[in-house]
Amino acid sequence: MDRAKILRWLQSETTAPARNLKRQIIRFRQHSDYKHFLEIWSKAKAPAALKKRIRHLPLIRGFVIPQGDWPQRAIFGNRIWVEDDVPVTVDSSVTKSALVENGIPWGVQKIKAPLAWSMTTGHRVKIGVIDTGVDFGHPDLKQSLGRGINLLNRSILPHDDNGHGTHIAGTIAAANQLHGMIGVAPRSMVYPVKAFDHNGSAYVSDIVLGIDWCVSNGMNIINMSFGMKTRSKSLLAAVNNAYNAGVIIIASSGNDGKRKTVDYPARYPQTIAVGATTRLRRIAPFSNRGSYIDIYAPGEKILSAWLKSKYNEMSGTSMATSHVSGAVALLLAYRPGLSPGDIKAILKKAMVPLRGTKVPKLVGELDIMRMLQSIER
């Protein structure tokens, strides 16, 4: 790499007017090249405006750069991999305002979480929820939240301006026994990682930074209730690094009703891919399905926490994913030290067959009591 050429490029980006250009992710093939560029970048003393446009992705030895006038190959030669920094969305769901009824939503009951609470409540298990943030003022979540991080504005807390992230956090860890709802693992801790804006949109690079934060801050589980149709090698590299660090990644399969495919990152074998079921233990019509699914969980008309201390009913594989994250938190508190591979094997061994004549017999629905009992055998 030509040091002078890199410095000229950085200087050109510093003086260039703000442009609404596409972004690209570059990853270095060799660790030595990455360290060399990082040294140049650090010593260049780039202003804050440039730091926003050229962002460091340490987990994957990469950077986000504007797709500007300088061709990347002219600067880096064949020493890098390049891909577009494409948009990602939270799994869209129909929402409906609702009131708390008996405190334990039907999905939490269905997977038999209450029967497990005498043995495990998820105590001290840390779950990173990469999503739209969380309502820190919600009475059902006050005891269940860590500070987390706001990747869109690091100077403020990851407040939720969409609602999706608060709903996910409620199913996992809500703990208001007297007046509100109870989630699957009421003594686990959710750390909101705000990567998605008020529209529920993010970029692959935001997700990579979120995974990086979760690994660096000792999360046991990462909940990924979002998806994309295209394969990203940068996202796969981040998922791989988290998996190798012992972090369990649980991802939603998508809401397109497809029978032979699922969204990324759920499609990666290093994740636990979750499909959605109805109250009747049938696959929900909207849920993606097929051989990539590892387990199903309740995902239709799920009541959980919402913005302004309210509650909402939502449907989607996002909701199913949060049930599985809570269940894995119960399992990890009960039996610490299980690897991501161990967890997936236990979930598959303990699942309950689904209803329906055309449903494959090799996949089933989450059952927490069977899951806990299976590790005693």
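In this structure, residue 329 qualifies as out of contact with any Leu (no Cβ under 8 Å at 6 or more places or on another chain), touching a residue at least 40 places away in the same chain (Cβ under 8 Å), within 18 Å of residue 119 (Cα to Cα) and among the aliphatic types (A, V, I, L, M). Could you tell me whether any residue of the stretch 277-287 is under 25 Å from residue 198 (Cα atoms) and either in a helix (DSSP H, G or I) or not aromatic (Phe, Trp, Tyr) (or both)? Checking the stretch 277-287: at least one residue is under 25 Å from residue 198 (Cα atoms) and either in a helix (DSSP H, G or I) or not aromatic (Phe, Trp, Tyr) (or both). Test residue 274 against the criterion of being part of a helix (DSSP H, G or I), touching a helix residue (DSSP H, G or I) at 6+ places or on another chain (Cβ under 9 Å) and not small (Gly, Ala, Ser), and give yes or no. So residue 274 fails the test. The set of residues from the stretch 115-146 being among the β-branched types (Val, Ile, Thr) and closer than 16 Å to residue 163 by Cβ comprises 129, 130, 132, 134.
Of all residue pairs spaced 6 or more apart or on separate chains, those with beta-carbon atoms under 7 Å, a first member in the stretch 60-77 that is not assigned by TED's automatic domain parsing to the domain that holds residue 203 and a second member that is modelled with pLDDT under 75 and acidic (Asp, Glu) are 66/13; 68/13. Restricting to the stretch 250-265, name every residue that is in contact with a helix residue (DSSP H, G or I) (Cβ under 6 Å, 6 or more places away or on another chain) and in a strand (DSSP E or B). Once the filter is applied, which keeps residues that are in contact with a helix residue (DSSP H, G or I) (Cβ under 6 Å, 6 or more places away or on another chain) and in a strand (DSSP E or B), the stretch 250-265 yields 250, 252.
Applying the criterion of being buried (at least 17 other Cβ atoms within 10 Å of the Cβ) and small (Gly, Ala, Ser) to the residues of the stretch 135-162, the residue that is farthest from residue 174 (Cα to Cα) is 148. The sole residue among 211, 168 that is outside any loop (DSSP other than H, G, I, E, B), touching an Asp or Glu at 6+ places or on another chain (Cβ under 6 Å) and touching a residue at least 60 places away in the same chain (Cβ under 8 Å) is 168. The condition of being under 27 Å from residue 375 (Cα atoms) and either outside the structural domain of residue 336 (by TED's automatic domain parsing) or modelled with pLDDT of 95 or more (or both) does not hold for residue 207.
Among the residues of the stretch 141-181, those identified as under 17 Å from residue 330 (Cα atoms) and under 20 Å from the mean Cα position of the chain (by Cα) are 144, 145, 168, 169, 170, 171, 172, 173, 174.
Among the residues making up the stretch 214-239, those that are among the β-branched types (Val, Ile, Thr), at pLDDT 95 or above and not in a helix (DSSP H, G or I) are 221, 222. Only one of the numbered conditions (1) modelled with pLDDT under 95; (2) within 23 Å of the chain's Cα centre (by Cα); (3) part of a loop (DSSP other than H, G, I, E, B) is violated by residue 359, and that is (2).
The set of residues from the stretch 95-130 being basic (Lys, Arg) and surrounded by 17 or more Cβ atoms within 10 Å (Cβ to Cβ) comprises 110, 112, 126.
Conditions tested, residue by residue: (1) under 19 Å from the mean Cα position of the chain (by Cα); (2) in a helix (DSSP H, G or I).
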residue: 296; (1), (2): yes, no
residue: 300; (1), (2): no, no
residue: 313; (1), (2): no, no
residue: 323; (1), (2): yes, yes
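The lone criterion from (1) at pLDDT below 90; (2) out of contact with any Pro (no Cβ under 9 Å at 6 or more places or on another chain) left unmet by residue 90 is number (1). If you go through the stretch 16-54 and keep only what is modelled with pLDDT of 90 or more and among the basic types (Lys, Arg), you end up with 27, 29, 35.
The values are calculated or read from the model by the stated rules, or taken from the named source; none is laboratory data. Everything numeric in this text was worked out from a predicted model, so none of it was measured. Every residue, glycine among them, receives a Cβ derived from its backbone with ideal geometry; neighbour counts consider all protein chains shown.
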